[in-house]
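Every number here is computed from the coordinates shown, using simple stated rules; none is lab data. Here the structure is a predicted model, which means the values were calculated and not measured. Glycine gets a Cβ as well: all are built from the backbone with ideal geometry, and neighbour counts include every protein chain shown.
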Amino acid sequence: MKITRINQPNLHNEEWFGFYTDFRNMVEKYGVNALNINDLFNLFLPLHNKADNLLLVLRKSIYTEEMKVADKERSTLFNSLYKIVNGMVNQPNVAKKEAAKRLFNLLRQYRQYGVKGSYIEESSGIYNLLQDMEGKYSADITLLFLDEWISALRQVEERFIALRAQRIQESIEKPKESLQEIRAQVDRLYSGIVSILDVRLLADGLGGDIVVEPDELDTNSRTDDDPTPPELRGNIVYNFVVAWNIVVKGYHNLLAMRAGRSAKKKQVDTPTPESPAEPLLSLLPPAL
């Protein structure tokens, strides 16, 4: 028995991280001391955590979707206000008509320069628009009973600015090391741990092609009410390798399926009817 090898560089980032998260969980279940891999595993743990932090940054920012919602809301408010003021231009009250004309010209200017631009251009346009409406044009706003609209536009703009600031801060705080470097270091540590466990199996006379049922290795005397889980009895290293190889096989299957799909795409044969899609669960490693 020995640990099944796998080509970790072929795993996508999330798959690679899942592989080592499964490894970490299983090592902690069987016991670092019992497996006698303390030194290398203690080097592995902080690197695994760094990889997690890097992947969090590489994933879509948690603020991006909220920014999209806020941006859409401010655009909706602006366009609604634009239509409302445009409709007031033709009213019979002279004072209100003139106020509506002034506001409509202002809104049309900002609609053309800023509100339809990038995030930064839109924020700059909305900021200047609000400054004008709450200052120079405040009397017109009050005359036309539009104060509530201006207040709502300011609130959503402030929310958008706050989200954008949080996303910028998130970018500043991202880890400096590259994920590629972390992956290489973790892969080397894993190879070292695998070598140690393989050597221990050989020393116990259980290496190479020897395969036995884990229960047969249990030489501990125990009573029927022994609370120790079966996998933690007998030769723990052997039991760990048996269980871990099942997980590794799941990732092997994932890589094999991807390689098969890639090879199929390269073929230029006459198209044939599609076969039923593989169940999604087949992509997951078997449950322990």
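Starting at the first residue of segment 84-96, write each ³J(HN,Hα) from the Karplus equation 6.51 cos²θ - 1.76 cosθ + 1.60 with θ = phi - 60°, in whole Hz, x for Gly and Pro.
Taking θ as phi minus 60°, the curve returns 4, 5, 4, x, 7, 4, 9, 6, x, 5, 4, 4, 5 Hz for segment 84-96.
Among TYR127, TYR20, TYR63, which comes first, second and so on when ranked by fewest other beta-carbon atoms within 10 Å?
On the way: TYR127 13, TYR20 21, TYR63 18.
Ascending number of Cβ neighbours within 10 Å: TYR127, TYR63, TYR20.
Which ³J(HN,Hα) values in Hz, rounded to whole numbers, follow from the phi angles of segment 161-169 under the Karplus curve 6.51 cos²θ - 1.76 cosθ + 1.60, where θ = phi - 60° and Gly and Pro get x?
Rounded to whole hertz, the list is 4, 5, 5, 5, 5, 5, 5, 5, 4.
Does segment 64-172 classify as rounded, prolate or oblate by the C-alpha gyration tensor (a ≥ b ≥ c root eigenvalues; a/c under 1.5 gives rounded; else a/b over b/c gives prolate, otherwise oblate)? Could you put the intermediate results ahead of the total?
Details: a/c = 2.56, a/b = 2.41, b/c = 1.07.
The shape class here is prolate.
Report the FRET efficiency, 1/(1 + (r/R0)^6), for LEU43 and GLU65, where r is their Cβ-Cβ distance and R0 is 41 Å, rounded to 0.05. Walk me through the numbers before you get to the answer.
On the way: r = 37 Å, r/R0 = 0.90.
Efficiency, rounded to the nearest 0.05: 0.65.
For the pair GLU14/SER178, report the inter-label distance in nm, with labels modelled 7 Å from Cα in the Cβ direction.
Between GLU14 and SER178, the label points sit 2.3 nm apart.
Expressed as a rounded percentage, what relative contact order does segment 64-172 have, with Cα pairs under 8 Å and six or more residues apart?
On the way: 80 pairs, mean separation 36.3, N = 109.
Averaging sequence separation for qualifying contacts and normalising by length gives 33 percent for segment 64-172.
Find how much the distance from ALA165 to TYR127 grows on full extension, using 0.36 nm per residue of separation minus their present alpha carbon separation; answer in nm with one decimal. Could you put the intermediate results ahead of the total?
On the way: separation 38, 0.36 × 38 = 13.68 nm, distance 1.55 nm.
Working it through step by step, the gained length comes to 12.1 nm.
For the residues ASP39, ASP187, what sequence is obtained by ranking on other C-beta atoms within 10 Å, fewest first?
Numbers: ASP39 13, ASP187 16.
Arranged by neighbour count, lowest to highest, ASP39, ASP187 become ASP39, ASP187.
Each residue of segment 11-26 in turn: what ³J(HN,Hα) in whole Hz from Karplus with 6.51, -1.76, 1.60 and θ = phi - 60°, glycine and Pro shown as x?
Whole-Hz 3J(HN,Hα) from phi for segment 11-26: 7, 5, 3, 5, 5, 4, 5, x, 4, 6, 5, 4, 5, 4, 5, 6.
Which order results if TRP16, TRP149 are arranged by neighbouring Cβ count within 10 Å, fewest first? Let's see the in-between values first.
Working: TRP16 21, TRP149 18.
Exposure proxy ranking, most exposed first: TRP149, TRP16.
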